[in-house]
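Enquirer: Next up is a structure, given as structure tokens.
The values are calculated or read from the model by the stated rules, or taken from the named source; none is laboratory data. Computed from a prediction, not measured in an experiment: that's the story for all the values here. When we count neighbours, we look across all protein chains shown, and the Cβ atoms used for this are built from the backbone with ideal geometry, even at glycine. These area figures cover heavy atoms from the full protein model, side chains too; ligands, DNA and RNA do not enter into them. Shrake-Rupley method; radii C 1.70, N 1.55, O 1.52, S 1.80 Å.
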Amino acid sequence: MTSLQVQDLRLSQHPLSEALPSLSKRDRRRLQQGQIVVTGQSGTYTIHGLVSAAPETAWSVLNDFSGFAQFLPTVVSSRVVESNGDRSVVEQVDQRKVFFQEINSTVRTENIRHDQQIDFHMIEGDLQQMEGFWRIDAIAADSENDASEQVLVTQKVSAQAGIGVFDGVFFKIFEGSVKENMKAICQEITRRD
């Protein structure tokens, strides 16, 4: 796995309203119903998914860099090109159809794991800029009768393509992509748990 083992995670449980105080009640309800919530615009987004699973399972999925092609919808390859302690450099190739044309893009990111978060930034690739983080938070049960573990998975990402008048198209595609990726990650967490 990684040098930051799952048992090293220091997770305390919080109610969803405390974990996401700025999120509207409507969006918190959507999360509790299993929907993915995306906020933001123009290349800067925060994406949330709530899943009934152990935090250890969520952490292992987020750290499965070389397995991303197995469960992320547009990732055709993903490999760790360098690893040293809590730092990994990962190369991903993404493939999608845009206006009936197949587009491939490659990015290399530096990923640094600490506590319950993975910070990432692009060090090389087809985008002008990309950075952000993945984070997991243990969520307290809504009632005393509910013993299931819940994990809030959050991604915050900022990306710029630098393609001038086509930036708006990129932002729309990127927003849909981050939502689909979060959905796939939550499904993979559930499958593995």
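Enquirer: State the Cα centre-to-centre distance between region 13-27 and region 53-92 in whole Å.
Expert: 27 Å
Enquirer: Could you tell me which helices of the chain pass both thresholds, a Cα extent of 27 Å or more along their own axis and a mean Kyte-Doolittle hydropathy of at least -1.0, with helices taken as whole DSSP H runs?
Expert: 167-192
Enquirer: Mean-square fluctuation check for the chain, GNM, Cα pairs under 10 Å: which of Gln160, Gln92, Gln41 is largest?
Expert: Gln41
Enquirer: What number comes out for accessible area per residue over region 31-133 if the probe is 1.4 Å? Units Å², please.
Expert: For region 31-133, the solvent-accessible area averages 49 Å² per residue.
Enquirer: Students often get this wrong, so try it: which of [x] 0.96; [y] 0.94; [z] 0.99 is Rg/Rh (Cα atoms, Kirkwood Rh) as calculated from the structure shown?
Expert: Structure-derived value, by its label: [x].
Enquirer: When only Cα pairs under 8 Å and 6 or more residues apart are kept, what is the percent relative contact order across the chain?
Expert: Relative contact order, the chain: 27 percent.
Enquirer: Further, regarding this structure: How many angstrom lie between the C-alpha centres of region 96-132 and region 160-193?
Expert: Cα centroid of region 96-132 versus Cα centroid of region 160-193: 10 Å apart.
Enquirer: Here's another thing I want to ask about it. Once both labels are modelled 7 Å past Cα along the beta-carbon direction, what's the Asn84-Ile112 spacing in nm?
Expert: 1.3 nm
Enquirer: Another question, if that's okay. To the nearest 20 debye, what charge dipole does the chain have about its Cα centre, counting +1 at the Cβ of each Lys and Arg and -1 at the Cβ of each Asp and Glu?
Expert: Dipole magnitude for the chain comes out near 560 debye.
Enquirer: Right, something else. Averaging sequence separations of C-alpha pairs under 8 Å and six or more residues apart, then dividing by the length of region 46-108, give the relative contact order as a whole percent.
Expert: Over region 46-108, the number comes to 20 percent.
Enquirer: Right, something else. Pick from Ser88, Ser12, Ser78 the residue whose mean-square fluctuation is largest in a GNM of the chain, springs joining Cα atoms under 10 Å.
Expert: Ser12
Enquirer: For Asp27 and Gln101 in one chain, what is 0.36 nm times their gap in residues minus the Cα-Cα distance, to one decimal in nm?
Expert: Extending this stretch completely gives an extra 23.2 nm.
Enquirer: Given R₀ = 45 Å, FRET efficiency for Ile173-Ser12 by Cβ-Cβ distance, to 0.05?
Expert: The value I calculate is 0.75.
Enquirer: What chymotrypsin sites (Phe, Trp or Tyr not before Pro) in region 86-136 are in a loop by DSSP, with at most 12 other Cβ atoms within 10 Å of the Cβ?
Expert: Passing both the DSSP loop test and the Cβ count: Phe99, Phe100.
Enquirer: By accessible area of protein heavy atoms, probe 1.4 Å, what ranking do Glu131, Glu175 get, highest first?
Expert: Ranked list, largest accessible area first: Glu131, Glu175.
Enquirer: Using only the Cα atoms of region 84-193, build the gyration tensor, take square roots of its eigenvalues as a ≥ b ≥ c, and label the shape rounded, prolate or oblate: rounded if a/c is under 1.5, else prolate if a/b is larger than b/c, else oblate.
Expert: Note, shape of region 84-193 comes out prolate.
Enquirer: Could you work out [θ]222 nm for the chain from helices alone, using -39500 (n - 2.57) per DSSP H run of at least four and dividing by all its residues? Round to the nearest 500 deg cm²/dmol.
Expert: My calculation for the chain gives -7500 deg cm²/dmol from helical runs alone.
Enquirer: Further, regarding this structure: Which residue fluctuates the most in the chain, going by a Gaussian network model with Cα springs under 10 Å, if the choices are Leu31, Leu152, Leu23?
Expert: Among Leu31, Leu152, Leu23, the largest mean-square fluctuation in the Gaussian network model of the chain belongs to Leu23.
Enquirer: What distance in nm separates the two pseudo spin-label positions at Phe133 and Thr44, each 7 Å out from Cα along the beta-carbon direction?
Expert: That separation, rounded to one decimal, is 1.6 nm.
Enquirer: Once neighbouring chains are kept in place and the probe is 1.4 Å, which whole percent of the accessible area of region 46-124 is contributed by carbon and sulfur?
Expert: The computed percentage sits at 45.
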